[in-house]
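To start, the structure under review is shown below, and the notes come after it.
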Amino acid sequence: MKALVYNGPCDVQVKNMPDAKIEKPTDVLVRITTTNICGSDLHMYEGRTSMETGRILGHENMGEVIEVGKAVDRVKVGDIVCLPFNIGCGFCENCERGLSGYCLTANPGTAGAAYGFAGMGPYSGGQAELLRVPYGDYNCLVLPDDAKEKENDYVMLSDIFPTGYHATELAGVKAGESVVIYGAGPVGLMATMSAFIKGASQVFVVDTHKDRLALAEKMGAIAIDDTEGAGVQKVLDLTDGKGADRGCECVGYQCCDKHGKEVPNLTMNNLVQTVKATGGIGVVGVFLPEDPGAHDDLAKEGKLAFDFGNFWFKGQKIGTGQANVKHYNRQLAKLIHAGKAKPSQIISHELALDEAPTGYQNFDKRAEGWTKVVLKPGK
């Protein structure tokens, strides 16, 4: 099968690899029809993780079931399925609590497993023609009969739509409240859409990329251009100095200041300033336990100089961590099916799998107009 393989920093290549296959009776084999490039893939692409060379990337996957293991009961050949990026077993203590992103079985010794991701188990990614899905009955979301018609919407259920929604859940967004979102990338835009689904009265989206801010405006948000570093004051001015009711961090440890310099604690401390006293903050941007490629000693150890004094003084609350996709994806799929949510509106490029290296290069550069890339292995 053809698959996108990680060769090293900023070097990915489509190669012929051994076909994915059923390995255990609980497995499902999927022919991938759509797979996305995610911002989290860029951490590995840039060599900022412990990703091993020779591995297949891709954790935002959707396709058609072509084979099932002997122990699979629910999922059938021919089903169109979307696959949560986090692999759960369905029966461990955390999965039973709905915390499938912290499964204790799929990646022994670590809470959490994922496709094609550094430190998240040995599982191959889905930027390929075929994908083995462990614990298939649990991990496959079988989609309704409009799955092919709305494929570019449903594939977002693999990660960024549930992750954006998770940000609003962690922040505690309620109807009528105002929300400030840092980051107008794919996850920030999905958090924007989710905040409006929840009934937010105002959503402020802070970023420096005008093309991405334009998408946020189309969703109904108030775009805050932070190119000159005045974003904090703009949010405060628009909220009578109080700050927004809730805030979402959708950038992560590679956030940059107005000079383009990485400042890992920037968005976190800006949220403390721009969320009101007693407000809630949800953090879904990726922060890692260590970052050897960082420019300062604290960041190399995965630590931040956090404005805890003001955070404490304002009585704010914070929730963090990756989305437990299965906790949200079935309900969010119903919104897509009913025409109440259209996450595909952020897609800028639809490429064949062979074009994936070009997609990575441009998405990594944040080239103008490259907001979300989907790959079509069968194209």
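Given R₀ = 51 Å, FRET efficiency for ASP11-THR278 by Cβ-Cβ distance, to 0.05?
0.60
Count charges around THR53 for me, please; just the other residues with Cβ under 13 Å from its Cβ, Lys/Arg as +1, Asp/Glu as -1.
Around THR53, the surrounding residues sum to 0.
State to the nearest 20 debye the size of the charge dipole of the chain about its Cα centre, where the only charges are +1 on K and R beta carbons and -1 on D and E beta carbons.
For this selection, approximately 700 debye.
Once you charge only the Cβ atoms, +1 for Lys and Arg and -1 for Asp and Glu, what is the size of the charge dipole of segment 160-320 about its Cα centre, to the nearest 20 debye?
500 debye
Dividing the convex hull volume of the alpha carbon atoms of segment 160-320 by its residue count, what do you get in Å³ per residue?
99 Å³
What is the percent carbon and sulfur in the accessible area of the chain, measuring with a 1.4 Å probe over the protein chains and ignoring ligands?
Summing carbon and sulfur atoms, their accessible area is 51 percent of the total for the chain.
Rounded to whole Å and sorted largest first, what semi-axes of the equivalent ellipsoid does the C-alpha gyration tensor of segment 81-217 yield via the square root of 5 times each eigenvalue?
29, 18, 15
Express the accessible area of the chain per residue in Å², computed with a 1.4 Å probe while the remaining protein chains stay in the model.
It amounts to 41 Å² per residue over the chain.
At a threshold of 8 angstrom on Cα-Cα distance, excluding pairs fewer than six apart, so keeping six or more, what relative contact order does the chain reach in percent?
Across the chain, relative contact order equals 18 percent.
Provide the net charge surrounding GLU177, with neighbours chosen by a C-beta distance below 11 Å and charges set as Lys +1, Arg +1, Asp -1, Glu -1.
Spelling it out: positives minus negatives among the neighbours equals +3.
If you average the sequence gap of Cα pairs under 8 Å that are 6 or more apart and divide by the length of segment 236-308, what percent do you get for the contact order?
Relative contact order, segment 236-308: 32 percent.
Beyond 21 Å between alpha-carbons counts as too far, so tell me which of LYS242/LYS342; LYS258/LYS365; LYS148/LYS372; LYS150/LYS210; LYS276/LYS372 fall in that bin.
Too far apart for the 21 Å limit: LYS242/LYS342; LYS150/LYS210; LYS276/LYS372.
Can you tally the net charge around ALA200? Count Lys and Arg as +1, Asp and Glu as -1, for every other residue whose Cβ sits under 12 Å from the Cβ of ALA200.
+1
Please say if segment 258-379 is rounded, prolate or oblate, where rounded means a/c under 1.5 for a ≥ b ≥ c the square roots of the C-alpha gyration tensor eigenvalues, and otherwise the choice is prolate for a/b larger than b/c and oblate otherwise?
oblate
In segment 160-320, if the dipole is taken from +1 on Lys/Arg beta carbons and -1 on Asp/Glu beta carbons about the Cα centre, which of VAL263, LEU298, SER201 is farthest to the positive end?
Looking along the dipole axis, the top candidate is SER201.
The values are calculated or read from the model by the stated rules, or taken from the named source; none is laboratory data. Computed from a predicted model, the values in this text were never measured in an experiment. Don't worry about glycine lacking a Cβ; one is built from the backbone with ideal geometry, like all the others, and counts go over all protein chains shown. Please note that ligands, DNA and RNA were not included when accessible areas were found on the heavy atoms of the full protein model with its side chains. Shrake-Rupley method; radii C 1.70, N 1.55, O 1.52, S 1.80 Å.
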